[in-house]
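To keep things clear, I will list the structure first and then write my remarks on it.
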Amino acid sequence: MDYDVVVAGGSVAGLLCAREIAAQNHRVLVIEEDYEIGTPEHCGGLVSTSGMDELGIIPFRATLDNKIRSARVTAPSGKDFVLDARPQQVIVLDRREFDKQIAHQAKVNGAEIRVRTSLREITKDGVRTSDGEIKCRTIVDARGVSSLINKDRTGTLQSAQYEVYADWIDKERVEVYLDQEKYPGFFAWVIPTRHDEAKVGVAGKGINSAAVLEDFLKEKGRYSAVRKIFAPIWIKGPIKEFVTRNIVTVGDAAGQAKPTTAGGIYSSGLGGIFAGNAISKFLETGKEGTLQEYQKKWTDKFGKEFEQMLLARSLLERLDNKSINSLFESITPEVLNEISKEGSFDFHTMSVAKLLGVKGSVKAVQTILGNELRRLLG
Ligand SMILES: Cc1cc2nc3c(=O)[nH]c(=O)nc-3n(C[C@H](O)[C@H](O)[C@H](O)COP(=O)(O)OP(=O)(O)OC[C@H]3O[C@@H](n4cnc5c(N)ncnc54)[C@H](O)[C@@H]3O)c2cc1C
């Protein structure tokens with residue numbers, strides 16, 4: 001055997017998985033098809049500090065771009081509300097630096113990392129890569145959404161995200177724009193990174209994301225786009241089997257990003273950690289059942305919340321612009337206050353349910369959503 005484990009994909013889930021395996025003195029190799037860890041960055045970088053704590057990472061200075069104080073959500077009519085984000089301690093990471101920080105943690109523990117090396121095929125005793133055959137006992141698929149697209153195209157939306165310089169960016173405020181005609185089933189976002197700098201993106205069902213984003217930016221005002229990135233996002237939730245024989249799927253490749261926002265640094269990252277711990281145990285005991293503990297642990301933590309997110313998504317998808325506009329009219333300062341204080345960035349369906357179920361909220365919304373809304377409200 002060349003290695004105990006080969007991890008395909010050197011991003012947050014794969015690197016955290018390797019970090020845990022190496023910590024138990026097993027031989028682990030991470031192969032990354034791009035020429036640099038962290039590049040090309042295709043992420044907004046929004047994450048909670050409590051999520052980072054659970055991932056075991058204190059961001060370096062270079063890793064931390066910004067701190068968020070509020071979030072403004074705007075309806076198609078232009079009516080908006082603002083949530084105080086301070087209690088939830090949300091930060092913006094520079095993913096290029098963040099991924100390198102985890103790569104460094106993995107390396108310190110003893111993992112090896114090879115960039116510009118791509119997984120081509122899983123063989124009977126290891127993997128075939130662009131760099132030749134490698135023998136190993138266990139394979140980790142951490143190839144992100146690209147791994148899922150090959151299996152199921154129906155769960156992806158195309159996103160576009162530009163890094164822009166503009167003077168209309170509020171450094172401390174994330175912005176979300178809902179509009180079922182422009183961004184069906186998703187939204188447009190502005191994530192500030194520094195003074196006058198932000199990641200601005202859109203995603204939606206069946207849209208030309210680049211054209212829609214450019215229209216959005218034109219409406220916002222003058223800007224310079226210094227980077228453009230297009231990437232699929234997965235909104236269908238976790239796959240059925242995280243483990244098949246000696247192949248362990250982690251992170252976005254296992255559908256571990258939130259179906260509502262596609263955020264996955266935390267939930268995909270923890271997937272990598274849980275998998276790494278289970279693989280280490282398997283290597284020590286030889287009992288295949290220990291690999292399954294990973295799926296159980298992830299599902300115990302996120303299963304219910306992800307089911308609720310899928311339900312929230314299916315409800316929101318059915319609202320047209322008129323219903324969203326009326327909903328915004330009925331949101332009271334008390335509800336916003338409650339969400340700001342008690343809401344959770346990582347487990348946020350309760351906040352969505354509160355917004356959808358506000359007392360006296362439009363009849364149209366209640367009629368459309370009926371029983372399902374009651375299920376979401378518990
Ligand atoms: C536009 C956009 C904005 C987002 N914003 C946020 C956000 O604000 N907050 C948040 O929490 N999440 C966000 N996400 C989601 C977040 O980026 C992912 O959940 C997270 O990066 C998942 O990590 P991962 O390691 O599972 O997969 P990925 O980060 O997708 O990494 C997969 C890696 O595998 C490599 N790879 C692919 N194929 C092969 C192969 N054959 N061989 C070797 N390597 C391979 C890729 O090059 C890549 O490095 C966003 C996603 C997108 C697209």
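Panel order for Cys43, Cys136, Cys17, by other beta carbons found within 10 Å of each beta carbon, from fewest to most: Cys136, Cys43, Cys17. Cα-based radius of gyration for region 57-109, normalised by 2.2 N^0.38 Å, reads 1.61.
The C-alpha atoms of the chain define a longest principal axis, and helix 363-377 lies at about 30 degrees to it.
For region 249-366, lysine pairs with C-alpha atoms less than 15 angstrom apart, excluding pairs fewer than eight positions apart on the same chain, total 7. With respect to the chain, whose longest principal axis is taken over its alpha-carbon atoms, helix 265-285 is tilted by about 20°. Distance between the 7 Å Cα→Cβ label points at Asn337 and Arg222: 4.2 nm.
Cα centroid separation, region 1-67 to region 172-213: 26 Å.
Cross-link reach is defined here as a Cα-Cα straight distance under 12 Å, omitting same-chain residues fewer than 8 places apart; for Lys171 the aspartates and glutamates meeting it are Asp65, Asp196, Glu197.
Over region 156-234, the ratio between the Cα radius of gyration and 2.2 N^0.38 Å evaluates to 1.01.
The calculated FRET efficiency for Asp125 paired with Lys205, based on their beta-carbon distance and R0 = 45 Å, is about 0.60. Each of Asp215 and Asp152 was given a label point 7 Å from its Cα along the Cα-to-Cβ line. The distance between the two points is 3.0 nm. Across all C-alpha atoms in the chain, the radius of gyration and Dmax reach 21.0, 65 Å. What base-10 log of the normalised intensity I(q)/I(0) is obtained for region 1-57 from the Debye formula, alpha carbons as equal point scatterers, at q = 0.14, 0.27, 0.29 Å⁻¹? Per q value, in the given order, log10 I(q)/I(0) is -0.47, -1.12, -1.16. Taking 7 Å steps out from each Cα toward its Cβ at Thr39 and Asp196 produces label points 2.5 nm apart. Karplus-based coupling profile of region 324-338, in residue order and whole Hz: 5, 4, 5, 4, 4, 5, 9, 7, 9, x, 5, 4, 4, 4, 4, with θ = phi - 60° in 6.51 cos²θ - 1.76 cosθ + 1.60 and x standing for Gly or Pro.
With both partners inside the chain, how many of the DSSP beta bridges are antiparallel, as a percent to the nearest 5? If we restrict to bridges inside the chain, about 70 percent are antiparallel.
We did not get these values from a lab; they are worked out from the coordinates using the rules stated. Given the structure is predicted, the values throughout are model-derived calculations rather than measurements. So basically every Cβ, Gly included, is an ideal-geometry build from the backbone, and we count neighbours across all protein chains shown.
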